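This report concerns only the one structure given below.
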Amino acid sequence: MAIFVSVQGYIDMKRLFPVLLLIASLLIGGNSLAQQAAHPLTVGSFNLRYINDHDGDNSWANRCQMVTDLIAYYGFDFLGTQEGYLEQLRDIDTLDNYDYIGVGRDDGKEAGEHSAIFYRTDRFDLLDQGDFWLSETPEVPSHGWDASECLRICSWGHFRDRISGKTLYFFNVHYDHVGQEARRQSSHLLLSRIRPLLDRGETVILTGDFNAGPDEEPIRILREAGLLRDSRTISQAKPYGPSGTFHDFDLSNFSDEPIDYIWVSPNIRVDNYRTITDQDHGRLPSDHFPIMTHLTF
């Protein structure tokens, strides 16, 4: 059978082809953007409670499985943890597709508590990482200002999302629980590290146990600087769960004020926020509630 295309039909098709090509490009581009938007981040912060021989029924041996099950169930893309000793981090690191960064605060290697950052290795590439101490000499293990006998550390990582190609900086910190000046200066130090990143258009997430309520000076310094926003206060959906995050293994008596936070840069939308209060027959995974949020940027 012979197939005929008239000269006029050929000309019309020739004119129509660029239009069809443009429409196809727009559709492909639209699908690409939709694909990126369809992959928000699940971010959490979780004070693990360090290994303490005096914790009895709340010892790490009795909580470890609850912690790992919780992390696996909620599927965090990033989880900032505080107080974790190396043994605890290695227990969590047995989960599939997770790795962590961060060093021990006592020696900059493995000793002492970590402010570790867990991340999904099946989605994110680690581009860079580092640590600094909350002190006047942040590049070496050191006490800061009027802090307790504990050294305090902040760990950070620079990551690339393989799905969207976007990059972000993730900071995780644990402020001192005694020194008021130490907490105040820690906020200034953090801002000095984060400000240059935001000035050049980077995306930043900060998690941690700040040992301070929303109206206390260390938190006011962070909030009033205008560089980062408290995810709980800007959640598109109403925050779910109690606002207080420290309960000391006693659900009948804990503060209504949070001391654990997830801060985000202005280019991040917070879709929802939750305080996780999961328990097993009255046993809790830690003396803090973990917190989580779904983010889009």
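The values are calculated or read from the model by the stated rules, or taken from the named source; none is laboratory data. Because the structure is predicted, anything quoted here is derived from the model rather than measured. All Cβ positions, glycine included, derive from the backbone under ideal geometry; neighbour counts span all protein chains shown. Note: areas computed on protein heavy atoms with side chains; ligands, DNA, RNA excluded. Shrake-Rupley method; radii C 1.70, N 1.55, O 1.52, S 1.80 Å.
Data overview
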| read-out | value |
| --- | --- |
| Per residue accessible area of the chain, 1.4 Å probe, in Å² | 49 Å² |
| Stokes-Einstein D for segment 83-158, Kirkwood Rh over Cα pairs, 10 °C, 1.306 mPa s (µm²/s) | 122 µm²/s |
| For segment 45-121 versus segment 232-297, the gap between their alpha-carbon centres in whole angstrom | 17 Å |
| Efficiency of FRET from Cβ geometry, residue 42 and residue 87, R₀ 30 Å, rounded to 0.05 | 0.70 |
| Fraction of accessible area attributable to carbon and sulfur, segment 216-297 (%, probe 1.4 Å) | 45 percent |
| Calculated log₁₀ intensity ratio I(q)/I(0) where the Debye formula runs over C-alpha points of segment 207-297, q = 0.25 Å⁻¹ | -1.32 |
| Options 282, 239, 267, ranked by Cα towards positive dipole end of segment 232-297, top entry (Cβ charges) | 267 |
| Cβ charges +1 (Lys, Arg) and -1 (Asp, Glu), total dipole of the chain, debye | 1960 debye |
| Kirkwood-type radius of the chain, with distances r between different C-alpha atoms, in Å | 20.7 Å |
| Evaluated over segment 147-224, the Cα radius of gyration and Dmax, each in Å | 13.9, 43 |
| Inter-probe distance in nm under a simple model that places probes 7 Å from Cα toward Cβ, at residue 129 and residue 149 | 3.0 nm |
| Convex hull of Cα atoms in segment 33-153, direction-averaged projection (nm²) | 9.2 nm² |
| Of 208, 218, 194, farthest towards positive along the dipole that unit charges on Lys, Arg, Asp, Glu beta carbons give segment 188-230 | 194 |
